Amino acid sequence: PERQVSLLVAPAAAAAVTEDSDDVPARVADDLFWLGRYVERSDGTARLLREALVRALGSERLLHDDAPPYLLRTLTVVTATYPGFATAGTPPSLERELLALLHDRRRAGTLRYDIDAVVRVGRSVRDRLSSDTVRVINSLDRELSRPSDLGAGYECLQRVIFLLAAFAGLCSDSMGRGQGWRFLEIGRYLERATHTVGLLRALFLSAARDGSVAGLEALLAVAHSSKSYRRRYRSRMHLGAVLDLLLADESNPRAAAHQLQRLQNLIAELQGSSVSGRALAGRLALDALSRVRLCRSDTADGDTLEPLLAEVAAQLAELSDEITRAYFGQAEPPHQLVRIA
């Protein structure tokens, strides 16, 4: 019999089993944090645009409802793409402005602008993501081709929302629960909380002031909570019930209280940095959560709700700044790669 010969190098010794290091460089942590924020920002913008397109296309009974004016103003306010539909003068062309919000990559706040940020930051940390997650990011980059009309734009938005949901699911299933994953999740929940508070300030308060049922229905649709509301209340729209579901209900993943609670837990699990920096970030999340918990949804009105939402939005912005100062603000010292004789 012939002697078996292999070109594979035999291992000298068995490899020692080790756990993945929880040390994440500041640059990588910063990128993961903003990757989570950009993904969630893109999702919120895509859902707003989709609801606006559904009503602009005039499908079924939505042709003559009173939601579009509220929804279009909210779209401009939440994405900060002024003047847009928030202008006091002559409103822009509906189709031209909606298509610009969808594909104009040079205008900050549009969906194309946010998707470009997802692609750029995602590729910089692709070694921290699974191969399938990287493929989803590449698909997002190819998906937003310039649509020719609102109907094509709606189909494009459907696919983008599915891809963003796939990104979140893959990160949840494939990333180790280390420091990098925590920063990604903190970015996602911080941005989602900011988006939810912005929706309540821009859309709920306007619809509640004018008694617009269609405006409240649009708010629930954008917040992905329409079926939750119908299953729970099975009746017409109640202001207190809508507010409770989207603001104070900690069992609803789309409610501000749930997102603030997740933020508080994730910040408590962070490692490194100074104890004071982590403690301050935790106190900001807890303070915002306490304000939301103490809000009486059944008796709240515009005079009391607007200051509350404005304060929570300010605390979320301060929380983002504090995390940046505590974990990303310190530059790593340069390393000498060659020996100088």
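The values are calculated or read from the model by the stated rules, or taken from the named source; none is laboratory data. Since we're looking at a predicted model, the values are computed, not measured. Ideal geometry is used to build each Cβ from the backbone, glycine not excepted, and the neighbour counts take in all protein chains shown. To get the accessible areas, we keep the full protein, side chains included, count just its heavy atoms, and leave off ligands, DNA and RNA. Shrake-Rupley method; radii C 1.70, N 1.55, O 1.52, S 1.80 Å.
Hydrophobic (A, V, I, L, M, F, W, C) and either part of a helix (DSSP H, G or I) or modelled with pLDDT of 95 or more (or both): which single residue out of 316, 337 fits that description? Answer to the selection: 316. Annotation: of all residues in segment 284-308 being modelled with pLDDT under 90 and among the charged types (D, E, K, R), the one that is nearest to residue 193 (Cα to Cα) is 296. All of (1) assigned to a helix (DSSP H, G or I); (2) buried (at least 20 other Cβ atoms within 10 Å of the Cβ) hold for residue 252 with one exception: (1). Of all residues in segment 191-238, those being out of contact with any Asp or Glu (no Cβ under 6 Å at 6 or more places or on another chain), at negative phi and not in a helix (DSSP H, G or I) number 6. If you go through segment 109-134 and pick out every residue that is open to solvent by less than 70 Å² (accessible area, probe 1.4 Å) and not in a loop (DSSP other than H, G, I, E, B), you end up with 13. Quick check, is residue 279 over 22 Å from residue 202 (Cβ atoms), out of contact with any helix residue (DSSP H, G or I) (no Cβ under 7 Å at 6 or more places or on another chain) and assigned to a helix (DSSP H, G or I)? In short, yes.
Going by the conditions given, is residue 310 open to solvent by less than 50 Å² (accessible area, probe 1.4 Å) and not in a helix (DSSP H, G or I)?
Numbers: open to solvent by less than 50 Å² (accessible area, probe 1.4 Å): yes; not in a helix (DSSP H, G or I): no.
No.
Taking segment 30-53 as the range and being open to solvent by 10 Å² or more (accessible area, probe 1.4 Å) and over 16 Å from residue 112 (Cβ atoms) as the test, the residues that pass are 30, 31, 34, 37, 40, 51. Scan segment 135-158 and report the pairs whose first residue is closer than 15 Å to residue 111 by Cα and in a helix (DSSP H, G or I) and whose second residue is open to solvent by 60 Å² or more (accessible area, probe 1.4 Å) and of a type in the set (A, V, I, L, M), with Cβ atoms within less than 8 Å and a gap of 6+ or a chain change. Qualifying pairs under 8 Å: 150/57; 154/57. A search for C-beta distances below 8 Å between a residue of segment 87-109 that is over 15 Å from residue 157 (Cα atoms) and among the basic types (Lys, Arg) and any residue that is modelled with pLDDT of 90 or more and part of a loop (DSSP other than H, G, I, E, B), counting only pairs 6+ apart in sequence or on different chains, returns 107/81. Counting residues in segment 173-182 that are buried (at least 21 other Cβ atoms within 10 Å of the Cβ), among the basic types (Lys, Arg) and not in a loop (DSSP other than H, G, I, E, B) gives one or more. The set of residues from segment 255-270 being part of a helix (DSSP H, G or I) and open to solvent by less than 10 Å² (accessible area, probe 1.4 Å) comprises 256, 257, 259, 260, 263, 266, 267.
Name every residue in segment 188-244 that is open to solvent by less than 20 Å² (accessible area, probe 1.4 Å), over 15 Å from the mean Cα position of the chain (by Cα) and not small (Gly, Ala, Ser), in order of residue number. Passing the criteria: 200, 203, 204, 216, 219, 220, 229, 242, 243.
Of all residues in segment 82-97, none are crowded, with 21+ Cβ neighbours inside 10 Å and in contact with a Phe, Trp or Tyr (Cβ under 9 Å, 6 or more places away or on another chain).
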